[in-house]
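The values are calculated or read from the model by the stated rules, or taken from the named source; none is laboratory data. Computed from a prediction, not measured in an experiment: that's the story for all the values here. Note that each Cβ is placed from the backbone with ideal geometry, even for glycine, and that neighbours are counted across all protein chains shown. The protein model used for the area step is the full one, side chains on, heavy atoms only, and it has no ligands, DNA or RNA in it. Shrake-Rupley method; radii C 1.70, N 1.55, O 1.52, S 1.80 Å.
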Amino acid sequence: MKTFSITIAGGGSTFTPGIIMMLLDHQQEFPIRRLCLYDNDEERQAVIGKACRILLKERAPQMEFSYTVDPEEAFTGVDFVMAHIRVGKYAMREKDEKIPLKYGVIGQETCGPGGIAYGMRSIGGILEILDYMERYSPRAWMLNYSNPAAIVAEATRKLRPDSRIINICDMPLGIMEHMSKILGIPAEDFDISYYGLNHFGWWTQIKDREGNDLMPALKAYVKDNGYDISLGDQDKTDQSWHDTYRKVKDVYAVDPDTLPNTYLKYYLYPDYVVAHTDPNYTRANQVMDGREKTVFSAARDIIEKGTAKNCGFEVDGHASYIVRLARALAFNTREKMLLIVPNGGAIENFDPEAMVEIPCIVGRDGYEKINQGRIPHFQKGLMEQQVSVEKLVVEAWSEGSYQKLWQALTLSKTVPSASVAKQLLDDLIQANRGYWPELA
Ligand code: NAD
Ligand code: G6P
Ligand code: MN
């Protein structure tokens, strides 16, 4: 059986151990010959790297493993690059979230001004990794989780049109896991239609394997509860995610013909979100005090004990999705998966040059898009506004244009006026010195 070589870029990410655990679980169907972690933060990388070395020595001693900050070593002889970098790390995410809140504007990792600021940092980092991959392993695929995926995807469409990169998001999958629990039907059995932009989409159909329509039962639940479910004693979901899942009931109410992505709350109910956010303790603080501590203390524990037996690393849906995508490409499984891809007519009455999130069939040669037909005015209007924001950010980055970034912020549905947009922009420029290109 063919064996594969994988590099995880952003090797020091909190999500790296989960992906490695998932790869270990699937060694039979997806044998890995070589695994390399690459990061540009040597210290952060070393903690995860040392722990994973111990883990792999115990569970897959035949696998060649390394961790490095050297691009040539990382990207030579690779079949898949799994990327999840965070340019500026949590310290900058905290600023992305807190600066807009000073103006009463939502402060969020990927939506609104925070997402725009993060996009301006991410584009360069992603292009750098993509260029390394193409220099050292031109036939490799890059599977990218790095956020803000919508802006990153538009940047790679426009600036690296021929590169072998597929951008993905785990949110729809996470939501479908909730739908599965609501209905008591495995998510693998769902046959879906879905369209939108990343963190900005809607399900239009969900059927089971026999073709039965599952939307009415789901809608009956969502109307009162959103996608929120109680997982009992096993529930490790942060309260803020429970709130997000619950708020879906109000997002759904605006268009009861479809079922929405959770992220639409930031665009449809920004006033509510701001009123329910502590400007001194945002999601970045929760993640630093939560997931980051948990993962890094599990890693340090492994290093200290010299063994990964009963270790705290865990697999999750996030890891399973990217591993399934790699397997689909490697073994031509022709699985239906949601990907962020150039529209090119798949949403008939929408910009063919927009990056959209739609179901695709994935196989050896990449993906084939599944046509989602025409979309209604409500979604089309929202998407045209948002995709224009994303395109303006990429133009601002590549042209070094202050004007275009001001336009992007002004156009964002989350920002009330051009004057607030300008104040925000000037603050964000200060905060992002050294990360953004110079704007003139
Ligand atoms: P994290 O800060 O723990 O990890 C990111 C790592 O990237 C850090 O170790 C950092 O040093 C490294 N890094 C930063 N710039 C780099 C560069 N230029 N080259 C190499 N490495 C670099 O962050 P996290 O919370 O684990 O998230 C990682 C990424 O995955 C984020 O972008 C996050 O938004 C994204 N993510 C996306 C999805 C999705 O649905 N698409 C889901 C979950 C997480
Ligand atoms: C979901 C989204 C990701 C996002 C993440 C944030 O998984 O799909 O794009 O990065 O949530 O989660 P966090 O726990 O870091 O706030
Ligand atoms: Mn996402």
Checklist outcome for this item: Met142 meets each of (1) assigned to a helix (DSSP H, G or I); (2) surrounded by 22 or more Cβ atoms within 10 Å (Cβ to Cβ); (3) not β-branched (Val, Ile, Thr) with one exception, condition (1)
Next on the checklist: I'd like to verify a number: residues in segment 219-273 that are within 16 Å of ligand 3 (Cβ to nearest atom) and assigned to a helix (DSSP H, G or I), how many?
Outcome noted: 11
Next on the checklist: Among the residues that make up segment 191-204, is at least one of them over 24 Å from Tyr269 (Cα atoms), modelled with pLDDT of 95 or more and open to solvent by 40 Å² or more (accessible area, probe 1.4 Å)?
Outcome noted: yes
Checklist entry - If we keep just the residues of segment 68-120 that are among the small types (Gly, Ala, Ser) and more than 16 Å from ligand 3 (Cβ to nearest atom), which is surrounded by the most Cβ atoms within 10 Å (Cβ to Cβ)? => result Ala117
Checklist entry - Quick one: which of Asp238, Asp228, Asp243 is within 16 Å of ligand 2 (Cβ to nearest atom), open to solvent by 50 Å² or more (accessible area, probe 1.4 Å) and touching a helix residue (DSSP H, G or I) at 6+ places or on another chain (Cβ under 7 Å)? => result Asp238
Checklist entry - What residue, of Glu128, Glu134, Glu154, is of a type outside the set (A, V, I, L, M, F, W, C), over 15 Å from the mean Cα position of the chain (by Cα) and more than 12 Å from ligand 1 (Cβ to nearest atom)? => result Glu134
Checklist outcome for this item: Per the filter on segment 171-218, residues in a helix (DSSP H, G or I) and of a type in the set (A, V, I, L, M) are Met171, Leu173, Ile175, Met176, Met179, Ile182, Leu183, Ala187, Met215, Ala217, Leu218
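Taking the condition open to solvent by 10 Å² or more (accessible area, probe 1.4 Å), acidic (Asp, Glu) and more than 9 Å from ligand 1 (Cβ to nearest atom), does Asp41 pass? Full working, then the answer.
Values: open to solvent by 10 Å² or more (accessible area, probe 1.4 Å): yes; acidic (Asp, Glu): yes; more than 9 Å from ligand 1 (Cβ to nearest atom): no.
Answer is no for this residue.
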Next on the checklist: On the basis of being more than 24 Å from Met133 (Cβ to Cβ), away from ligand 3 (no atom under 16 Å from the Cβ) and in a helix (DSSP H, G or I), does Leu55 make the cut?
Outcome noted: yes
Checklist entry - Within segment 298-311, how many residues turn out to be open to solvent by less than 50 Å² (accessible area, probe 1.4 Å) and outside any helix (DSSP H, G or I)? => result 4
